[in-house]
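Take a look at the structure set out below.
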Amino acid sequence: MSVALDTRIMQADGAAIRAAARCLAAGRLVAFPTETVYGLGADATNGTAVARLYAAKGRPLFNPLIAHVADAAAARRLARFNAAAERLAALWPGPLTLVLAKAPNCPVADLATAGLDTIAVRVPGHVVAHDILAAFGKPIVAPSANRSGHVSATTAQHVGADLDGRIDLIVDGGPTSVGVESTIIACLKSRPVLLRPGGIPRAAIEQTLGRALADSTGIAPIGGRETPLAPGRLESHYAPNARLRLGADSIHDGEALLAFGPLPPGAERASRTLNLSSRGDLVEAAANLFSYLRALDAGGATTIAVMPVPRVGLGEAINDRLARAARSR
Ligand code: TXA
Ligand code: MG
């Protein structure tokens, strides 16, 4: 970007909500908290604003965005809900995104859906996100508020570190509670497909649905042609500078340690240790994941040893993000 913007940071009060709505209406970019991670918001109906958003993130244009709305009624104006989608909408507001067929008169800019005939929609559960959506009155597209290829931001400080000078406003609502991004489910065919494990565990979704989810093969025919199902899943994501050594049950000299549960023998050899959850709680671990990865990375370690995290509940999403972070360099 040619000219650096003067990025304002406001505590999340009524004045900040009104400022956010004004910024969005003017086609500007606002970072705000959701219950999962911070989002970088733009007016979903304004193609120029959406283009600015891609530029600020450095995001490949073919990667479509999630349209956030205040309630399920607003979501129905953007997308067609089949029976499975109707069931899953019961989990809103919350960390769930549905990929659905676009509604005929969907007002969201084509750039935001990368020309697909599907659209990702979500009703976030965070009160600040909800109040901004209600004050703005239109859908807001919001990818995670990090530079493309970095780990998602879970605090306003992380947003600032990545996007200061590139966006207009950061609404600071403190650290996010869930810590990993929303679960994404495609409801396009009769059997819903898990595109991204996330803040709502698979079991909770299958229970609401009354049937098992299909797993994404990565590619599926949408609108007659082969299309990547969640295109963003293909790019390098969640990338620290340090190398990640996953499933570590011992520590090599000089490694930083990202622990889970009781520390392994020899843990004192680690250059620095952060424990996702010393009591082995996956909810706590998810909430800490991205900020601890950032912190260990900022400490300059060349390798971060990561202890095994069970693949149950939120552990599916945690392991998914760790695998991407390990793969991405
Ligand atoms: O928790 C979250 O979902 C956060 C907060 C801010 O809401 N947002 C977020 O957005 O994680 P983003 O852009 O970082 O990830 C959205 C993912 C991408 O992998 C994108 O490819 C996929 O959703 N996606 C969006 N629209 C899609 C569509 N029509 N079909 C398939 N995948 C889609
Ligand atoms: Mg992201």
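The values are calculated or read from the model by the stated rules, or taken from the named source; none is laboratory data. Here the structure is a predicted model, which is why all the values come from computation and not from measurement. Note that each Cβ is placed from the backbone with ideal geometry, even for glycine, and that neighbours are counted across all protein chains shown.
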> Restricting attention to the stretch 293-310, which residues are surrounded by fewer than 21 Cβ atoms within 10 Å (Cβ to Cβ) and either assigned to a strand (DSSP E or B) or not aliphatic (A, V, I, L, M) (or both)?
Replying inline: ASP297, GLY299, GLY300, THR302, THR303, PRO308, PRO310
>> For the condition touching a Cys at 6+ places or on another chain (Cβ under 7 Å), crowded, with 24+ Cβ neighbours inside 10 Å and at pLDDT 95 or above, what is the one hit in ILE119, ILE140?
In response: ILE119
> Do we find a residue being assigned to a helix (DSSP H, G or I) and more than 16 Å from ligand 2 (Cβ to nearest atom) anywhere in the stretch 163-175?
Replying inline: no
> Among (1) within 12 Å of ligand 1 (Cβ to nearest atom); (2) over 25 Å from GLU206 (Cβ atoms), which single condition is PRO93 missing?
Replying inline: (2)
>> Given the criterion away from ligand 2 (no atom under 16 Å from the Cβ) and either in contact with an Asp or Glu (Cβ under 7 Å, 6 or more places away or on another chain) or within 30 Å of LEU5 (Cα to Cα) (or both), identify the matching residue among HIS150, HIS158, HIS130.
In response: HIS130
>> Condition first: within 16 Å of ligand 2 (Cβ to nearest atom) and more than 23 Å from GLY94 (Cβ to Cβ). Can you find one or more residues in the stretch 35-44 that meet it?
In response: no
>> With modelled with pLDDT of 95 or more, outside any loop (DSSP other than H, G, I, E, B) and within 16 Å of ligand 2 (Cβ to nearest atom) as the only criterion, which of ILE205, ILE184 stands out?
In response: ILE184
>> I need the full set of residues from the stretch 15-68 which are in a helix (DSSP H, G or I), hydroxyl-bearing (Ser, Thr, Tyr) and either over 20 Å from the mean Cα position of the chain (by Cα) or buried (at least 23 other Cβ atoms within 10 Å of the Cβ) (or both), in order please.
In response: THR48
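For (1) among the hydroxyl-bearing types (Ser, Thr, Tyr); (2) under 19 Å from the mean Cα position of the chain (by Cα), each residue gets a yes or a no:
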site: ASP172; (1), (2): no, yes
site: THR176; (1), (2): yes, yes
site: PRO197; (1), (2): no, yes
site: GLU206; (1), (2): no, no
site: ALA212; (1), (2): no, no
> Filter the stretch 208-240 for residues that are modelled with pLDDT under 70 and assigned to a helix (DSSP H, G or I); which is nearest to LEU100 (Cα to Cα)?
Replying inline: PRO231
> Which one of PRO93, PRO124 is in contact with an Asp or Glu (Cβ under 7 Å, 6 or more places away or on another chain), in a loop (DSSP other than H, G, I, E, B) and touching a residue at least 24 places away in the same chain (Cβ under 8 Å)?
Replying inline: PRO124
> LEU111 fails exactly one of the following numbered conditions: (1) in contact with a helix residue (DSSP H, G or I) (Cβ under 8 Å, 6 or more places away or on another chain); (2) modelled with pLDDT of 95 or more; (3) surrounded by fewer than 24 Cβ atoms within 10 Å (Cβ to Cβ). What is the number of that condition?
Replying inline: (2)
